[in-house]
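The values are calculated or read from the model by the stated rules, or taken from the named source; none is laboratory data. It should be emphasised that the depicted structure is a prediction, and the values quoted were computed from it without experimental measurement. Methodologically, a virtual Cβ is constructed for each residue, glycine included, from the backbone with ideal geometry; neighbour enumeration extends over all protein chains shown.
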Amino acid sequence: MDVLSRLAVGRTDRLVHSESIPARAARLAEWPQWLAPEIREAFSERGIDRPWIHQAEAADLAHRGLHVVLSTGTASGKSLAFGMPVLQAIIDGLSAPNGRGATALYLSPTKALANDQLRSLTGLGFSWLRAATYDGDTPMEARSWARNHANYVLTNPDLIHHSMLGSHQSWAPFLRRLRYIVIDECHAYRGVFGAHVAEVIRRLRRICESYGASPVVICASATVAQPGDAATRLVGSRVAEVTDDGSPAGERVIALWEPELTAFTGENGAPIRRTATAECADLLADLVVEGAQSLAFVRSRKAAESVAVMARDLLLDVDPSLMESVASYRGGYLPEERRELESRLRSGSLRALATTNALELGIDISGLDAVITAGWPGTRASLWQQFGRAGRSGAPALSIFIARDEPLDTYLVHHPAAMLGRPVEANVFNPENPYVLAPHLCAAASELPLTAEDAVRWFGPGSLALLDSLVADGYLRKRPTGWYWTRRDRASDLADLRGTGGPPVRIVEEGTGRILGTMDVAAAHANAHPGAVYTHQGVTHLVTSLNLADSVATVVEQDVDYSTSAREVSDIRILEELERVSLGEATMSFGRVHVSSQVVAFMRRRAMTGEVLGEEALDMPVRELETTAVWWTLSDAQITGSGVDVTEVPGSAHAAEHASIGMLPLFATCDRWDIGGVSTAHHLDTGRMTVFVYDGLAGGAGFAEYGYHHAREWLTATRDLISECSCESGCPACIQSPKCGNANNPLDKPGAIAFLDQLLNQ
């Protein structure tokens, strides 16, 4: 009996679907003739006799001076592909008087990945390779050494933006000799974050050119749609793509898993399933007992902690010696905590790790047997990236997807082809978003006076109008030679790359003053309000206060067996309709909107069962947001024709709104928490019943626009989800929302179906 069969004993009803992807053989190429024997021999000593075909192709394109993106699966050796031209350039530059005739810059979305790359580079044993990380954890004297001596610097877009470009004069010797910029895991740069990073790359290339350098950009990506187009938007110049994956792969068994219904009911008597968190803990503990080294990917920091705690508790009853082989890993941990966990996972002393997507990207962890993904990770690209963490080096692997009790997850486990049988998504981001571009124009002008030619070449023709508005607002001054930054504050502080809304909120333990971790401002409203549960290294705490002005939340240790989730209410106004299409009497629109939102309450749920324990009101500040939205309307005649009674219109629109929010992440590269929605029986700006879905970041992230252009496919799937759900009047798997500020009331399931039919049958 195989591992999956043993896991399913006694719970076969939860295994909704399984399939096997057969093993594939490697396809090899020859080492490039231009590669130095010393480099080739170092790779050979590490067991690499010949490169795979995609590695050789990407390396050769980069060596020829072409920007290139390599888009292949997890564990396909992308590090070797960009390592060959980078190392060759560095060894070629050793003849320079200072031994630094060529340099390279490596950008990673996470510190963990950069440190992993440094470990691999150091392991090659080259005395001439002076590699160093440069990030928020790097001491000041180590930063100075990197600037003055390193020929390979590993950093992230944040440090490029806030540190390197603002003081580029001190980096001049390095930048003057910059031959390659490596952008690893570039599929992670999407939405507003992707747009910001695109502008950082353009600023970096502009500064390099001012020093006489024209570095080649090498992008490494998971398998995504149109990787060349996405990389071109990211880099700002045409990028060639390499997508033919020649790496071997072992057999992969994929299981789709749906937790069982519980005896408990939720809001308005809705049936609820056992939580994906509890189900994940069960399976993770079982895999430890089976002797399988496993990763469990979960959606939140809180869930990572909960899964680890519950798995250890389960193992206590089986074999207490196994408890210490289970841990959690997430953002917000101190650097030394992260390094220790990564080391223990590599050594095998950790058998199971519950993690957020912090371990999704690129870290070389070999020998993993299984991956559990609890809850849809946002994109098919992320799903396959997570699944690919197991089964490296051609070994067989088990991958399990556990559905949360939410619309999208429910739809996917019952429509496997939508998850497993469709190509991965294209990255969605818009570098021309004025909310993104404007602060980067200020930063560019502060780094080097910005001419009209510069602005158009690097930032597009739309930048000229923005520059004039920045002058009018007092951010820039225009002189005959161009635009200048003349303020005393730092221009780079105007741009928030990750859209966090300000400095991170520190989580501080009362009494000791110990900092347990950090949290984004946006997340703090929902997860660090008074009464919220905060878990750190398996220990639960309750938040006692949140001071947003000082960016501090205080907590006290307290043993609780429940989780908390915030409720939010929103109001929306249309600022400008940019596009519209008529669907008979119905309309579908896209445009700019103003959203006011507020966290008004939080709910307590039993961690294991999802049982609702109670709700408590909150008085949190209102957040204002100008963003983009997609919205649709129905005429009064269509509402009458739908058969929906006038008293049921608010609940019908509300239900359609919730379900459509839940389904948009299947089509756009977003997460449910990246978007929001509002519905009303009569909106003042449209004069009609209207359903809005909006981007949750200033200026928009491209998600709502993608929904507008793919509305029929998106809303058809939404309609199918609601109609196929077995519940009678609505549940968390179809029309209920975990963050609804109106306690999921009113909701009308038949009315939502009728409204969507009216819209789609035009």
> When Glu713 is evaluated against the numbered criteria (1) at pLDDT below 90; (2) more than 21 Å from Ile574 (Cα to Cα), which criterion, by number, is the only one it fails?
Replying inline: (1)
> From the set of residues in segment 680-730 that are within 28 Å of Glu258 (Cβ to Cβ) and of a type in the set (S, T, N, Q), which is nearest to the chain's Cα centre (by Cα)?
Replying inline: Thr718
> Does segment 431-453 contain at least one residue that is more than 27 Å from the chain's Cα centre (by Cα), free of Cβ contacts under 8 Å to residues at least 12 places away in the same chain and not assigned by TED's automatic domain parsing to the domain that holds Thr232?
Replying inline: yes
> Within segment 410-476, which helices (runs of 4 or more DSSP H) (wholly inside it) include 2 or more residues that are of a type in the set (Lys, Arg) and over 30 Å from Trp376 (Cβ atoms)?
Replying inline: none
> Which of the residues belonging to segment 668-697 are crowded, with 20+ Cβ neighbours inside 10 Å and of a type in the set (A, V, I, L, M)?
Replying inline: Ala668, Ile675, Val678, Met689, Val691, Val693, Leu697
>> Can you find, within segment 555-565, the residue that is farthest from Ser635 (Cα to Cα) among those that are within 29 Å of the chain's Cα centre (by Cα) and surrounded by fewer than 20 Cβ atoms within 10 Å (Cβ to Cβ)?
In response: Asp561
>> Please pick out the residue among Arg11, Arg100 that is assigned by TED's automatic domain parsing to the domain that holds Ala397 and modelled with pLDDT under 95.
In response: Arg11
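Here is a yes/no grid of residues against (1) more than 29 Å from Glu267 (Cα to Cα); (2) without any contact (Cβ under 8 Å) to a residue 60 or more places away in the chain; (3) β-branched (Val, Ile, Thr):
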residue	(1), (2), (3)
Ala526	no, no, no
Thr535	no, no, yes
Val543	no, yes, yes
Asp550	yes, yes, no
Tyr562	no, yes, no
Arg567	no, no, no
Ile572	no, no, yes
> Can you name the residue in segment 571-597 that is of a type in the set (Ser, Thr, Tyr) and surrounded by fewer than 17 Cβ atoms within 10 Å (Cβ to Cβ) and is also nearest to Thr627 (Cα to Cα) among such residues?
Replying inline: Ser596
> Looking only at segment 316-326, which residues are touching a residue at least 24 places away in the same chain (Cβ under 8 Å) and surrounded by fewer than 24 Cβ atoms within 10 Å (Cβ to Cβ)?
Replying inline: Val318, Asp319, Leu322, Ser325
> Does Ser582 satisfy being among the hydroxyl-bearing types (Ser, Thr, Tyr) and at pLDDT 90 or above?
Replying inline: yes
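Specify the residue that is nearest to Arg50 (Cα to Cα); the eligible residues are those in segment 246-268 that are of a type in the set (D, E, K, R) and more than 26 Å from the chain's Cα centre (by Cα). If you could, list the steps in order and put the result at the bottom.
Narrowing segment 246-268 to residues of a type in the set (D, E, K, R): 251-252, 258, 260, 267.
Then drop every residue that is not more than 26 Å from the chain's Cα centre (by Cα), which leaves 251, 260, 267.
Working: Glu251: 23, Glu260: 49, Glu267: 59 Å.
That would be Glu251.
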> Does segment 134-144 contain any residue that is touching a Lys or Arg at 6+ places or on another chain (Cβ under 8 Å), crowded, with 22+ Cβ neighbours inside 10 Å and outside the structural domain of Phe667 (by TED's automatic domain parsing)?
Replying inline: yes
>> Being over 21 Å from Ala601 (Cβ atoms) and of a type in the set (Gly, Ala, Ser) is true for just one of Ala528, Ala549, Ala522. Which residue is that?
In response: Ala549
>> Tell me the residue from Thr587, Thr609, Thr640 that is of a type in the set (Ser, Thr, Tyr), closer than 29 Å to Thr716 by Cβ and touching a residue at least 24 places away in the same chain (Cβ under 8 Å), please.
In response: Thr587
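Which one of Ser221, Ser214, Ser163 is within 18 Å of Pro109 (Cβ to Cβ) and surrounded by fewer than 21 Cβ atoms within 10 Å (Cβ to Cβ)?
One residue alone meets the criteria, Ser163.
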> So Val543 fits all but one of (1) aliphatic (A, V, I, L, M); (2) surrounded by fewer than 16 Cβ atoms within 10 Å (Cβ to Cβ); (3) touching a His at 6+ places or on another chain (Cβ under 8 Å); (4) assigned by TED's automatic domain parsing to the domain that holds Met519; what number is the exception?
Replying inline: (2)
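Only one of Phe703, Phe692 is at pLDDT 95 or above and in contact with a strand residue (DSSP E or B) (Cβ under 9 Å, 6 or more places away or on another chain); which?
Just one listed residue meets the conditions, Phe692.
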>> Could you go through segment 196-203 and let me know if any residue there is closer than 30 Å to Leu747 by Cα, part of a helix (DSSP H, G or I) and more than 18 Å from the chain's Cα centre (by Cα).
In response: no
>> If I ask for residues that are modelled with pLDDT of 90 or more and over 27 Å from the mean Cα position of the chain (by Cα), which ones from segment 319-348 would you list?
In response: Asp319, Pro320, Ser321, Leu322, Met323, Glu324, Ser325
>> Can you find, within segment 475-507, the residue that is surrounded by the fewest Cβ atoms within 10 Å (Cβ to Cβ) among those that are within 26 Å of Glu337 (Cα to Cα) and touching a Leu at 6+ places or on another chain (Cβ under 7 Å)?
In response: Gly499
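From the list Val307, Val289, which one is surrounded by 24 or more Cβ atoms within 10 Å (Cβ to Cβ), in contact with a Leu (Cβ under 8 Å, 6 or more places away or on another chain) and assigned to a helix (DSSP H, G or I)?
Values: Val289 fails: surrounded by 24 or more Cβ atoms within 10 Å (Cβ to Cβ).
Testing whether each residue is surrounded by 24 or more Cβ atoms within 10 Å (Cβ to Cβ), in contact with a Leu (Cβ under 8 Å, 6 or more places away or on another chain) and assigned to a helix (DSSP H, G or I) leaves just Val307.
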>> Give me the residue from segment 230-251 that is under 24 Å from Ile372 (Cβ atoms) and surrounded by 20 or more Cβ atoms within 10 Å (Cβ to Cβ) and, out of that set, modelled with the lowest pLDDT.
In response: Ala249
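Within segment 404-446, which residues are modelled with pLDDT of 95 or more and either out of contact with any Lys or Arg (no Cβ under 6 Å at 6 or more places or on another chain) or surrounded by fewer than 21 Cβ atoms within 10 Å (Cβ to Cβ) (or both)?
The initial filter retains those residues of segment 404-446 that are modelled with pLDDT of 95 or more, namely 440-446.
Correct list: His440, Leu441, Cys442, Ala443, Ala445, Ser446.
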> Are there any pairs with C-beta distances below 6 angstrom linking a residue in segment 1-24 that is closer than 17 Å to Asp286 by Cβ and among the hydrophobic types (A, V, I, L, M, F, W, C) to a residue that is surrounded by 14 or more Cβ atoms within 10 Å (Cβ to Cβ) and at pLDDT below 90, with the two at least 6 apart or on different chains, and if so which?
Replying inline: Leu15/Ala8
>> I'd like to verify a number: residues in segment 598-636 that are assigned to a strand (DSSP E or B), in contact with a helix residue (DSSP H, G or I) (Cβ under 9 Å, 6 or more places away or on another chain), surrounded by fewer than 19 Cβ atoms within 10 Å (Cβ to Cβ) and β-branched (Val, Ile, Thr), how many?
In response: 1
> How many residues, within segment 669-710, are closer than 20 Å to Glu568 by Cβ and among the basic types (Lys, Arg)?
Replying inline: 1
> If you take the residues of segment 643-661 that are in contact (Cβ under 8 Å) with a residue 24 or more places away in the chain and among the aliphatic types (A, V, I, L, M), which of them is nearest to Gly677 (Cα to Cα)?
Replying inline: Ile661
